[in-house]
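Enquirer: I'd like to ask you about the structure that follows.
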Amino acid sequence: MDLKKRVMAEKAKLTIDGETYELPVLESTFGDKAIDISSLRQRTGCVTLDYGYMNTGSCASAITYLDGKQGTLNYRGYPIETLAAECSFVEVSYLLINGCLPTENELRNFKGMMNKYALMHEDMVHFFDRFPAGSPPMSILSSMVNTLSAFYPEMINNPLEQIDKMAARLLSKVRTIAAFSYKKSLGQPLTYPRPDYSYCANFLNMMFDLPVSPYEVNPVIVNALDKLLILHADHEQNCSTSTVRLVGSAHVNLYASISAGISALWGPLHGGANQAVMDMLERIHLEGGNYKKYIDKAKDPNDSFRLVGFGHRVYKNHDPRSRILKKLCDEVLQTLNLSNPLLDLAKEIEEVALRDDYFVERHLYPNVDFYSGIIYKSIGIPNDMFTVMFALGRLPGWIAHWKEMWDDENWRIGRPRQLYIGPKQRRFVAIGDRKVCDERFS
Ligand code: SDX
């Protein structure tokens, strides 16, 4: 990734301790320019401080661009609305990982590799029996994905040589792991993947097929799941993707890097929000639908409650994914002839919140998690599997970023600096002479 050709004529100027320094400015294709501070500490003796990395770029990337002001999202230059309407999740996975949409032949080969690697080693299947009943599905998923590096050690030594095979294997196996963990949680017999089924049809069949009542694949549900996974497939340097990059930067294999990303996604402020939204809507519904109480709680500075599914670090306009999901909710419920009072409740909450100064002033709009759970629920997926579904969707994005990092000659092991505010040099005192420490929690 040659960044030299992106250096602009204009420089940034920084004056500190009476000295003025010029710093290079790098031009982007879209969006924020970047001030290159890679020489800052060496020239000024200073580091920057930016909690949550709200103003800090960790890398240059050609994968995804989202415009927080406009509320737009593009994967490899294609608008998310087009990809969700025209492509399958496997096609979009290929696009994110390889940088271009596949030809028919390339897609056939990619699908063939995914079918070839859909099964997991039978010894791994027994791992499921060792998780205690009620184990959190994200804990199982993260552990099992990390275990893949034990069963496929060739991954560890020459990670990039077989990236296509690894990517197809991971996309396919994680789908099987997710479905098997669900079946095991119910104590039901496992249904194995079928080569004649598409990615999503296979997942649904592995999740819901039973010897006594074979699952009937419904194209409406398959199409809805394809769209859901596409909408979750990537999102720039979000918390879990940055985790995959940071862990991968130590030259950790892909499986272990992805396992770390799954753990980061689990958080209720991140991917865990879709399950928290459903829990919140169900609680409001059970209490009689008084959502105004929760909107007031969310606005109360003394109440830690937040309106889950609202707000976003980057979007200060509608999250385009939320708009598509809101429409998809209606389509799926109508086509399946289902009604869900939680959808009406969610729409009412959105309508009231978007007229309320508190939310308007803070640019808090529904994000990807606000409507997704209603669709998952309507196609039979339980609340505690929602974040697993987010991980299934985000997997191609994580793989694409891990690969881009390995390919980037600018990349090095991630090791941020800090502002040290601890005690000065202290005199050591033998244990018998020690008094109560007055700087214990400084
Ligand atoms: C995802 O990064 C990504 O791209 C993530 C993601 C992806 O695809 O990877 O898009 C997926 O993680 C979506 C977000 C899911 N999380 C939630 O829905 C949890 C609820 N949302 C919030 O916790 C919050 O909005 C965050 C975490 C999403 C964003 O947090 P920020 O950017 O750190 O914003 P902030 O906490 O500084 O909030 C700014 C202000 C604060 O009020 P003031 O102190 O200015 O008075 O907005 C308020 C916050 O209290 N606020 C909310 C709120 N979110 C922010 N108030 C009530 N309800 C909310 N949901």
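Enquirer: Cβ-Cβ distance below 6 Å, separation of 6 or more or different chains: which pairs start in the range 388-403 with a residue that is within 19 Å of residue 62 (Cβ to Cβ) and open to solvent by 10 Å² or more (accessible area, probe 1.4 Å) and end on one that is away from the ligand (no atom under 13 Å from the Cβ) and at pLDDT below 95?
Expert: Pairs found: 403/163.
Enquirer: Given the criterion closer than 26 Å to residue 345 by Cβ and within 15 Å of the ligand (Cβ to nearest atom), identify the matching residue among 270, 285. Explain how you work it out, then say what you get.
Expert: Working: 285 fails: within 15 Å of the ligand (Cβ to nearest atom).
Among 270, 285, only 270 is closer than 26 Å to residue 345 by Cβ and within 15 Å of the ligand (Cβ to nearest atom).
Enquirer: Could you run through the range 376-417 and say how many residues are of a type in the set (Gly, Ala, Ser) and more than 19 Å from the chain's Cα centre (by Cα)? Break it down stepwise before answering.
Expert: Step one: of the range 376-417, the residues of a type in the set (Gly, Ala, Ser) are 378, 380, 391, 393, 397, 400, 414.
Next cut, more than 19 Å from the chain's Cα centre (by Cα) only: 378, 380, 414.
Qualifying residue count, the range 376-417: 3.
Enquirer: If you check every pair at least six apart or on different chains, which have Cβ atoms under 6 Å apart with a residue in the range 279-293 that is farther than 17 Å from residue 377 by Cα and surrounded by 11 or more Cβ atoms within 10 Å (Cβ to Cβ) first and a residue that is at pLDDT 95 or above and of a type in the set (Gly, Ala, Ser) second?
Expert: none
Enquirer: Condition first: closer than 26 Å to residue 86 by Cβ and among the aromatic types (Phe, Trp, Tyr). Can you find one or more residues in the range 187-200 that meet it? Walk me through it before giving the result.
Expert: We begin by selecting, within the range 187-200, every residue closer than 26 Å to residue 86 by Cβ; these are 193-200.
Next, from what is left, pick out any that are among the aromatic types (Phe, Trp, Tyr): 197, 199.
Scanning the range 187-200 turns up at least one residue that is closer than 26 Å to residue 86 by Cβ and among the aromatic types (Phe, Trp, Tyr).
Enquirer: Name every residue in the range 352-375 that is more than 19 Å from the chain's Cα centre (by Cα) and near the ligand (Cβ under 9 Å from one of its atoms), in order of residue number. Give the derivation first.
Expert: Pass one, the range 352-375, residues more than 19 Å from the chain's Cα centre (by Cα): 352-364.
If the condition is that a residue be more than 19 Å from the chain's Cα centre (by Cα) and near the ligand (Cβ under 9 Å from one of its atoms), then 353, 358, 359, 361, 362, 363, 364 are the ones that fit.
Enquirer: Taking the stated definitions as given, is residue 338 open to solvent by less than 30 Å² (accessible area, probe 1.4 Å), assigned by TED's automatic domain parsing to the domain that holds residue 288 and touching a helix residue (DSSP H, G or I) at 6+ places or on another chain (Cβ under 7 Å)?
Expert: Working: open to solvent by less than 30 Å² (accessible area, probe 1.4 Å): no; assigned by TED's automatic domain parsing to the domain that holds residue 288: yes; touching a helix residue (DSSP H, G or I) at 6+ places or on another chain (Cβ under 7 Å): yes.
No: the conditions fail for residue 338.
Enquirer: In the range 298-322, which residues are more than 9 Å from the ligand (Cβ to nearest atom), open to solvent by 50 Å² or more (accessible area, probe 1.4 Å), free of Cβ contacts under 8 Å to residues at least 24 places away in the same chain and not small (Gly, Ala, Ser)? Before the answer, list the steps.
Expert: If we filter the range 298-322 for residues that are more than 9 Å from the ligand (Cβ to nearest atom), which is where we start, we get 300, 302-304, 316-318, 320, 322.
Retained after the next criterion (residues that are open to solvent by 50 Å² or more (accessible area, probe 1.4 Å)): 300, 302, 304, 316.
Filter again for free of Cβ contacts under 8 Å to residues at least 24 places away in the same chain, leaving 300, 302, 304.
Listed by number, the residues that qualify are 300, 302.
Enquirer: Scan the range 51-89 for residues that are among the β-branched types (Val, Ile, Thr) and open to solvent by less than 10 Å² (accessible area, probe 1.4 Å) and report the count. Lay out the reasoning, then the answer.
Expert: Just the residues of the range 51-89 that are among the β-branched types (Val, Ile, Thr), to begin with: 56, 63-64, 72, 80, 82.
So of that shortlist, the ones also open to solvent by less than 10 Å² (accessible area, probe 1.4 Å) come out as 63, 80.
Of the residues in the range 51-89, 2 are among the β-branched types (Val, Ile, Thr) and open to solvent by less than 10 Å² (accessible area, probe 1.4 Å).
Enquirer: For the range 241-255, which positions are more than 11 Å from the ligand (Cβ to nearest atom), surrounded by 19 or more Cβ atoms within 10 Å (Cβ to Cβ) and in contact (Cβ under 8 Å) with a residue 24 or more places away in the chain?
Expert: Those that are more than 11 Å from the ligand (Cβ to nearest atom), surrounded by 19 or more Cβ atoms within 10 Å (Cβ to Cβ) and in contact (Cβ under 8 Å) with a residue 24 or more places away in the chain: 244, 245, 246, 248, 249, 253, 254, 255.
The values are calculated or read from the model by the stated rules, or taken from the named source; none is laboratory data. The structure presented is a predicted model; accordingly, all values stated were derived computationally and were not measured. Quick reminder, even Gly has a Cβ in these numbers, built from the backbone with ideal geometry, and neighbours come from all protein chains shown. Surface areas here come from the heavy atoms of the whole protein model, side chains and all, with no ligands, DNA or RNA. Shrake-Rupley method; radii C 1.70, N 1.55, O 1.52, S 1.80 Å.
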